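The values are calculated or read from the model by the stated rules, or taken from the named source; none is laboratory data. Since the model is a prediction, treat every value here as computed from it, not as a measurement. Heads up, the Cβs are rebuilt from the backbone with ideal geometry, glycines too, and the neighbour counts pull from every protein chain shown.
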């Protein structure tokens, strides 16, 4: 079996599995309890918080554990709007649904003004347009833009956007689900108000993540009913998964440059091999840059291409896909629609990890060649 869907979820590091198992056996107490069992769990919890905060250059108090990126996004958006009487939200149409749907609900429920930034052919925003909007806005405003697009891998100029928001005293939330654990992030040098993270994108467990909240910002809790997480997130913390997340991010940082180089070689090797297929293009120019783990490929229309993912799956190859319209196995992608990808052409997202190899890419190309040539004959 070949797994090329690491942007959806990654296999756990063996060390992470071991860390979770060890924590389950010795830190089963409630970290809010004052007895020794509770204190043991509390130590594990805070050690994990310290590890994470140190690696992203934040203070431990700026880290709030959540159930993942979706909750972190909702917590940041709703919390900021309620706490600072936000009257205007600025975003783009290519954001993840975990951002677009809460924003839509906020604006409809609370009457908040919503602006969508225009994007170029790759989905990149224009900084000049954002600056123009901010210069003419006197009401409390929140900007929400993802660091890396989960479908195309397009990277936001994070430092430029954050600096622009800071210049205009505007709150800035960024979904960093695809990038934390893959880049060295220094929140001491990037004026971000809120950043969302999910562990299963960097070889950690599912169901756990965190929200970075800059210490300058004090928002109301999103989930009520307890005093956990310094009164920011009610509910007994999942100590086992938190420990696993800390181990995963630590391992990623220990070998980050080496891993980046290795995966970039795999991505470039794949684009070179795909040259044999006539008419193949790359969404958001993902072959020339963007996140090193994602390659978004668009194929010309062929008979029964809507079955491409199933055909690859039958051959033991897991990928993700989408099209600008809903057809067969390809979901309708709002991102590809925004990029004006032809609605009848299928796209594949190949997303790599350190566990992939050139031999797996060769197998993928071999299977793809067989599928495409068979369809052309028919």
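Below, the figures for the structure above:
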{"quantity": "Given (1) assigned by TED's automatic domain parsing to the domain that holds residue 193; (2) at pLDDT below 95; (3) assigned to a helix (DSSP H, G or I), index of the condition residue 222 fails", "calculated": "(3)"}
{"quantity": "Subset tally (residues that are farther than 18 Å from residue 262 by Cβ, more than 23 Å from the chain's Cα centre (by Cα) and surrounded by 15 or more Cβ atoms within 10 Å (Cβ to Cβ)) for the range 343-362", "calculated": "1"}
{"quantity": "Residue count, the range 132-146 (criterion: under 20 Å from residue 72 (Cα atoms) and either in contact (Cβ under 8 Å) with a residue 60 or more places away in the chain or surrounded by fewer than 23 Cβ atoms within 10 Å (Cβ to Cβ) (or both))", "calculated": "2"}
{"quantity": "Qualifying positions in the range 193-215 - touching a helix residue (DSSP H, G or I) at 6+ places or on another chain (Cβ under 7 Å), outside any strand (DSSP E or B) and within 14 Å of residue 148 (Cβ to Cβ)", "calculated": "202"}
{"quantity": "Residue among 328, 316 that is modelled with pLDDT under 95 and not assigned by TED's automatic domain parsing to the domain that holds residue 46", "calculated": "328"}
{"quantity": "Residue among 267, 273 that alone is modelled with pLDDT of 95 or more, in a helix (DSSP H, G or I) and either outside the structural domain of residue 367 (by TED's automatic domain parsing) or under 19 Å from the mean Cα position of the chain (by Cα) (or both)", "calculated": "267"}
{"quantity": "Residue ranges of strands (runs of 3 or more DSSP E) in the range 66-157 with at least 3 members in the same structural domain as residue 179 (by TED's automatic domain parsing) and farther than 28 Å from residue 292 by Cα", "calculated": "113-117"}
{"quantity": "Test result for residue 278, assigned to a loop (DSSP other than H, G, I, E, B) and over 20 Å from the mean Cα position of the chain (by Cα)", "calculated": "yes"}
{"quantity": "Condition check for residue 369: out of contact with any strand residue (DSSP E or B) (no Cβ under 8 Å at 6 or more places or on another chain) and either closer than 16 Å to residue 317 by Cβ or surrounded by 15 or more Cβ atoms within 10 Å (Cβ to Cβ) (or both)", "calculated": "yes"}
{"quantity": "Filtered residue count, the range 26-59, keeping only those that are in contact (Cβ under 8 Å) with a residue 12 or more places away in the chain, under 19 Å from residue 234 (Cβ atoms) and surrounded by fewer than 18 Cβ atoms within 10 Å (Cβ to Cβ)", "calculated": "4"}
{"quantity": "Members of the range 271-291 found to be surrounded by 22 or more Cβ atoms within 10 Å (Cβ to Cβ) and either over 16 Å from residue 4 (Cα atoms) or out of contact with any strand residue (DSSP E or B) (no Cβ under 6 Å at 6 or more places or on another chain) (or both), listed by number", "calculated": "283, 284, 290"}
{"quantity": "Cβ pairs under 6 Å, 6+ apart, first in the range 177-199 and farther than 19 Å from residue 59 by Cβ, second at pLDDT 95 or above and in a loop (DSSP other than H, G, I, E, B)", "calculated": "178/150; 179/147; 181/202; 198/68; 198/177; 199/205; 199/208"}
{"quantity": "Number of the exception - residue 295 against (1) touching a strand residue (DSSP E or B) at 6+ places or on another chain (Cβ under 9 Å); (2) farther than 27 Å from residue 338 by Cα", "calculated": "(2)"}
